[in-house]
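The values are calculated or read from the model by the stated rules, or taken from the named source; none is laboratory data. Because the structure is a prediction, the values reported are computed rather than measured. Here the Cβ is made from the backbone with ideal geometry for all residues, glycine too, and neighbour counts use every protein chain on show.
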Amino acid sequence: MKIDVVLGLQWGDEGKGKIVDLLAKKYPVVCRFQGGGNAGHSIHFGKQSFVLHLIPSGVFRKNTINLIGNGVVLDPVIFKKECEALKKLGIDATQNVIISKKTHLILPTHRLLDAANEAAKGKEKIGSTLNGIGPAYTDKTGRCGIRVGDILERDFKKRYYTLKLKHEALLKQLDYKCDTNTNEKEWLNACAYLKKFRIVDGEYELNALLKRRRVLAEGAQGSMLDIDFGSYPFVTSSSTVCAGVCTGLGVAPSAIGKVYGIFKAYCTRVGSGPFPTELNDATGEHLRQKGNEFGATTGRPRRTGWLDLPALKYAIMISGVTELIMTKADILTGFKKIKVATAYIVDDKTEGGKIKETDQIPFSSDCTVKPLYKEFKGWDQNISKVRNFKELPQELKDYIKFIERELSVPIKIISVGADRNAIIEVKS
Ligand code: GDP
């Protein structure tokens, strides 16, 4: 069997939670392959809603196996809280969540280092969620991190205190005043709690499962935040593109099947970094309020703007996306005009200030980028109850068909509301 992949194609917050929840029913195994507890996948069912940070979205289905892969960095405290919140909904995560031994742990001092690093950067700050994710990945590549499997070792505490000492020296160097013992007890308790779960050799477990079951790999954040291909340095610390599935779970590239790419009908971005189609005006504010564009984890207002086709084409190219899913189409209802960026005029400082028209993402994060737009007529009809493509307003159909043509990938699902059922499956 193949492993299908679902990715956000923009800067995160594309509505992946709801879509993975929808897709998960077709997959008996769902995996997270990168990122940490900074993901905020919101799932709404009827009047209830739940935000998942670390646990794969298949957790709501009793018989689905949910694997936290080696590419993830796991904060045991966040994990425990999430499991306890699930318990209140009657879901016992110990029964259907398994964790790879090679998953790296986030320590309380990683969080402190995150804050110290951001403080040291001053105005140049990246806009980190301060969850310790960046420093944990730094320790992973620095070959001094500790992993979930280490919890089962006798000298686990010794390993913890050795790394803590190293962090204390770094914090001192950064002249960051803090108490490194805060949250230590809670963290050690949460590490002990992890032992209630099946801690596995994730790569063996998954490859064995793949022989007989369909597997879905669930991406967090978005392709434009990828450590290699995002707008560096304003990126996350992990591989958010399809290639990250192979290293983050231990599966071969030839095992990859479908690649679902999720994008919002417009764009949002949290934190600093380039955002060519950003709207710093009343239209942008209207998008923010109407789309409730405030971080699910942090509550931070998101930056908003029109859809950016060069960025989408780039994400599709890097991950080999085979089908597209558009979310939040309903939020565009009521706008008189809707714009889509088809290319950029770039003033590239790395090329001596050469001004050119392009549909490629410029290398430098500080060149001036002016989008070239195609304009569409809006619609007023409420589409949140529509379940059939034919019944959508003609203006929206034109908008969708244009995007599909430009991207040369079919749009298979259109999401028209926050609820689980607010979905149009497009028949080809
Ligand atoms: P994720 O991190 O990609 O999962 O994104 P979020 O969980 O932050 O999703 C953004 C928000 O949009 C959540 O509250 C979703 O329930 C909601 N949402 C998802 N799809 C739609 C949609 O089509 N329309 C509307 N109005 N809300 C949606």
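Annotations for the structure displayed:
Let's see how each residue does on (1) over 27 Å from Ile146 (Cβ atoms); (2) without any contact (Cβ under 8 Å) to a residue 12 or more places away in the chain:
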position	(1), (2)
Ala39	no, no
Phe60	yes, no
Asn70	no, no
Lys81	no, yes
Pro108	no, no
Ala119	no, no
Gly132	no, no
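- Just so you know, in the range 88-107 the residues that are surrounded by fewer than 18 Cβ atoms within 10 Å (Cβ to Cβ) and modelled with pLDDT of 95 or more include one that is farthest from Ser57 (Cα to Cα), and it is Lys101.
- The condition of being more than 21 Å from Phe229 (Cβ to Cβ), in a loop (DSSP other than H, G, I, E, B) and in the same structural domain as Val77 (by TED's automatic domain parsing) does not hold for Gly17.
- Restricting Val321, Val340 to residues that are in a loop (DSSP other than H, G, I, E, B), crowded, with 20+ Cβ neighbours inside 10 Å and touching a residue at least 60 places away in the same chain (Cβ under 8 Å) narrows the list to Val321.
- When we screen Leu225, Leu249 for residues that are surrounded by 22 or more Cβ atoms within 10 Å (Cβ to Cβ) and within 23 Å of Ile98 (Cβ to Cβ), the only hit is Leu249.
- Taking the conditions (1) surrounded by 18 or more Cβ atoms within 10 Å (Cβ to Cβ); (2) in a loop (DSSP other than H, G, I, E, B); (3) in contact with a Ser or Thr (Cβ under 7 Å, 6 or more places away or on another chain) in turn, Pro371 satisfies each one other than (2).
- In the range 36-48, the residue that is surrounded by the most Cβ atoms within 10 Å (Cβ to Cβ) out of those that are farther than 21 Å from Lys264 by Cβ and of a type in the set (Gly, Ala, Ser) is Gly36.
- Identity of the residue in the range 18-35, of a type outside the set (D, E, K, R), crowded, with 24+ Cβ neighbours inside 10 Å and within 13 Å of the ligand (Cβ to nearest atom), that ends up farthest from Ala220 (Cα to Cα): Val20
- Boolean, Asp366 is closer than 24 Å to Thr240 by Cα and either more than 24 Å from the chain's Cα centre (by Cα) or among the charged types (D, E, K, R) (or both): yes
- In the range 324-337, the residues that are within 16 Å of the ligand (Cβ to nearest atom), more than 25 Å from Cys242 (Cα to Cα) and in a strand (DSSP E or B): none
- Complete set of residues in the range 294-313 that are over 21 Å from Ile400 (Cβ atoms) and either touching a residue at least 24 places away in the same chain (Cβ under 8 Å) or more than 12 Å from the ligand (Cβ to nearest atom) (or both): Gly295, Ala296, Thr297, Thr298, Arg300, Pro301, Arg302, Arg303
- For first residues located in the range 191-214 and in contact (Cβ under 8 Å) with a residue 40 or more places away in the chain, partners that are acidic (Asp, Glu) and surrounded by 14 or more Cβ atoms within 10 Å (Cβ to Cβ) and lie 6+ apart or on another chain with Cβ distances below 8 Å form the pairs Arg214/Asp4.
- The range 1-14, subset surrounded by fewer than 24 Cβ atoms within 10 Å (Cβ to Cβ) and assigned to a loop (DSSP other than H, G, I, E, B), residue farthest from the ligand (Cβ to nearest atom): Met1
- Pairing each residue of the range 399-427 that is free of Cβ contacts under 8 Å to residues at least 60 places away in the same chain with any residue that is within 11 Å of the ligand (Cβ to nearest atom), provided the two are 6+ apart or on different chains, yields C-beta distances under 6 Å for Ile424/Ile414; Glu425/Ile413.
- Residue match in the range 344-365 (condition: outside the structural domain of Leu22 (by TED's automatic domain parsing), free of Cβ contacts under 8 Å to residues at least 40 places away in the same chain, closer than 26 Å to Gly378 by Cα and hydrophobic (A, V, I, L, M, F, W, C)): yes
- Scanning the range 276-293 finds no residues that are more than 25 Å from Thr333 (Cα to Cα), within 16 Å of the ligand (Cβ to nearest atom), part of a loop (DSSP other than H, G, I, E, B) and assigned by TED's automatic domain parsing to the domain that holds Ile338.
- Ser238, sole failed condition from (1) within 16 Å of the ligand (Cβ to nearest atom); (2) not assigned by TED's automatic domain parsing to the domain that holds Ala39: (2)
- Test: residue in the range 303-325 that is under 27 Å from Lys412 (Cβ atoms), in the same structural domain as Phe402 (by TED's automatic domain parsing) and modelled with pLDDT under 95: no
So that you can scan it fast, the table gives a plain yes or no per residue for (1) outside any helix (DSSP H, G or I); (2) in contact with a strand residue (DSSP E or B) (Cβ under 9 Å, 6 or more places away or on another chain); (3) of a type in the set (Phe, Trp, Tyr); (4) surrounded by 20 or more Cβ atoms within 10 Å (Cβ to Cβ):
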site: Asp380; (1), (2), (3), (4): yes, no, no, no
site: Lys385; (1), (2), (3), (4): yes, no, no, no
site: Lys390; (1), (2), (3), (4): no, no, no, no
site: Lys397; (1), (2), (3), (4): no, no, no, no
site: Phe402; (1), (2), (3), (4): no, yes, yes, no
site: Glu406; (1), (2), (3), (4): no, yes, no, no
site: Ile424; (1), (2), (3), (4): yes, yes, no, yes
site: Ser428; (1), (2), (3), (4): yes, yes, no, no
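- Unmet criterion (only one of (1) away from the ligand (no atom under 16 Å from the Cβ); (2) aliphatic (A, V, I, L, M); (3) assigned to a loop (DSSP other than H, G, I, E, B)) for Val73: (3)
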